[in-house]
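Have a look at the structure below before the remarks.
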Amino acid sequence: MLVKDKLIGVMEAINRADGSPFNDQDVQMLETFASQAAIAIENARLFESIRQEKEKMSTILGEMAEGSLLLEPSGKIILANPAAHNLLGKDKLEGSRGKKLKSI
(Lines give C-alpha, C1' and ligand atoms only; values in the text may rest on other atoms or scores of the structure.)
Protein backbone atom coordinates (compact mmCIF):
# COMPACT_ATOMS: atom_id res chain seq x y z
CA MET A 1 0.00 0.00 0.00
CA LEU A 2 1.51 3.28 -1.15
CA VAL A 3 0.89 6.91 -0.26
CA LYS A 4 2.85 9.45 -2.30
CA ASP A 5 5.31 6.73 -3.38
CA LYS A 6 5.90 5.77 0.27
CA LEU A 7 5.26 2.17 1.32
CA ILE A 8 3.03 2.20 4.40
CA GLY A 9 1.69 -1.35 4.41
CA VAL A 10 1.22 -4.63 2.60
CA MET A 11 -2.00 -6.41 1.75
CA GLU A 12 -2.02 -10.11 0.96
CA ALA A 13 -4.80 -11.90 -0.91
CA ILE A 14 -4.47 -15.68 -0.54
CA ASN A 15 -7.18 -17.04 -2.84
CA ARG A 16 -10.77 -16.69 -3.90
CA ALA A 17 -13.48 -18.46 -1.91
CA ASP A 18 -14.32 -20.72 -4.87
CA GLY A 19 -10.68 -21.63 -5.49
CA SER A 20 -10.50 -20.00 -8.94
CA PRO A 21 -7.61 -17.68 -9.84
CA PHE A 22 -7.92 -13.92 -9.50
CA ASN A 23 -9.07 -12.16 -12.66
CA ASP A 24 -8.42 -8.58 -13.81
CA GLN A 25 -11.58 -7.33 -12.11
CA ASP A 26 -10.48 -8.90 -8.80
CA VAL A 27 -7.05 -7.28 -9.09
CA GLN A 28 -8.62 -3.90 -9.90
CA MET A 29 -10.90 -4.17 -6.85
CA LEU A 30 -8.02 -5.20 -4.56
CA GLU A 31 -5.85 -2.34 -5.84
CA THR A 32 -8.68 0.13 -5.23
CA PHE A 33 -9.26 -1.25 -1.74
CA ALA A 34 -5.52 -1.10 -0.96
CA SER A 35 -5.35 2.49 -2.20
CA GLN A 36 -8.31 3.56 -0.05
CA ALA A 37 -6.93 1.67 2.97
CA ALA A 38 -3.54 3.37 2.52
CA ILE A 39 -5.22 6.80 2.44
CA ALA A 40 -7.22 5.98 5.59
CA ILE A 41 -4.07 4.78 7.40
CA GLU A 42 -2.15 7.91 6.39
CA ASN A 43 -5.04 10.16 7.48
CA ALA A 44 -5.14 8.41 10.86
CA ARG A 45 -1.38 8.97 11.23
CA LEU A 46 -1.74 12.65 10.32
CA PHE A 47 -4.63 13.19 12.76
CA GLU A 48 -2.60 11.53 15.53
CA SER A 49 0.41 13.70 14.70
CA ILE A 50 -1.74 16.85 14.84
CA ARG A 51 -3.27 15.72 18.15
CA GLN A 52 0.19 15.19 19.65
CA GLU A 53 1.44 18.58 18.39
CA LYS A 54 -1.66 20.31 19.76
CA GLU A 55 -1.11 18.62 23.12
CA LYS A 56 2.54 19.74 23.18
CA MET A 57 1.59 23.29 22.24
CA SER A 58 -1.10 23.38 24.90
CA THR A 59 1.36 22.14 27.54
CA ILE A 60 4.00 24.68 26.53
CA LEU A 61 1.53 27.58 26.47
CA GLY A 62 0.00 26.48 29.77
CA GLU A 63 3.38 26.47 31.51
CA MET A 64 4.62 29.79 30.10
CA ALA A 65 4.89 32.65 32.56
CA GLU A 66 4.35 35.17 29.76
CA GLY A 67 0.89 35.89 28.47
CA SER A 68 0.45 34.45 24.99
CA LEU A 69 -2.35 34.74 22.49
CA LEU A 70 -2.81 32.71 19.33
CA LEU A 71 -4.45 34.85 16.67
CA GLU A 72 -5.84 34.23 13.22
CA PRO A 73 -4.32 36.40 10.47
CA SER A 74 -7.39 38.63 10.80
CA GLY A 75 -6.54 39.27 14.47
CA LYS A 76 -9.25 37.06 15.96
CA ILE A 77 -8.26 35.34 19.20
CA ILE A 78 -8.09 31.57 18.88
CA LEU A 79 -6.31 30.67 22.12
CA ALA A 80 -5.10 32.45 25.24
CA ASN A 81 -2.89 30.81 27.85
CA PRO A 82 -3.54 31.12 31.62
CA ALA A 83 -0.95 33.91 31.96
CA ALA A 84 -2.80 35.97 29.33
CA HIS A 85 -6.04 35.38 31.22
CA ASN A 86 -4.39 36.63 34.43
CA LEU A 87 -2.76 39.60 32.69
CA LEU A 88 -5.71 40.79 30.64
CA GLY A 89 -8.54 39.42 32.73
CA LYS A 90 -10.39 36.21 32.03
CA ASP A 91 -13.72 37.97 31.47
CA LYS A 92 -12.22 40.30 28.87
CA LEU A 93 -10.58 37.43 26.98
CA GLU A 94 -13.61 35.14 27.14
CA GLY A 95 -15.77 37.91 25.76
CA SER A 96 -13.36 38.61 22.92
CA ARG A 97 -12.61 35.02 21.87
CA GLY A 98 -13.37 34.80 18.17
CA LYS A 99 -13.49 38.61 17.88
CA LYS A 100 -10.82 40.81 16.38
CA LEU A 101 -8.20 41.95 18.89
CA LYS A 102 -7.97 45.71 19.20
CA SER A 103 -4.62 47.43 19.32
CA ILE A 104 -3.56 48.65 22.75
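The values are calculated or read from the model by the stated rules, or taken from the named source; none is laboratory data. Small disclaimer: the values here were computed from a predicted structure and weren't measured. Ideal geometry is used to build each Cβ from the backbone, glycine not excepted, and the neighbour counts take in all protein chains shown.
A few remarks follow.
- Every listed requirement among (1) surrounded by 13 or more Cβ atoms within 10 Å (Cβ to Cβ); (2) touching a Pro at 6+ places or on another chain (Cβ under 9 Å) is met by L88 save one, (2).
- Tabulated pairs, the stretch 1-26, first closer than 23 Å to N43 by Cβ, second at pLDDT 85 or above and surrounded by fewer than 10 Cβ atoms within 10 Å (Cβ to Cβ), C-beta under 8 angstrom, 6+ apart or interchain: M1/L7; M1/V10
- So S68, is it surrounded by fewer than 13 Cβ atoms within 10 Å (Cβ to Cβ), at negative phi, at pLDDT 75 or above and of a type in the set (G, A, S): no
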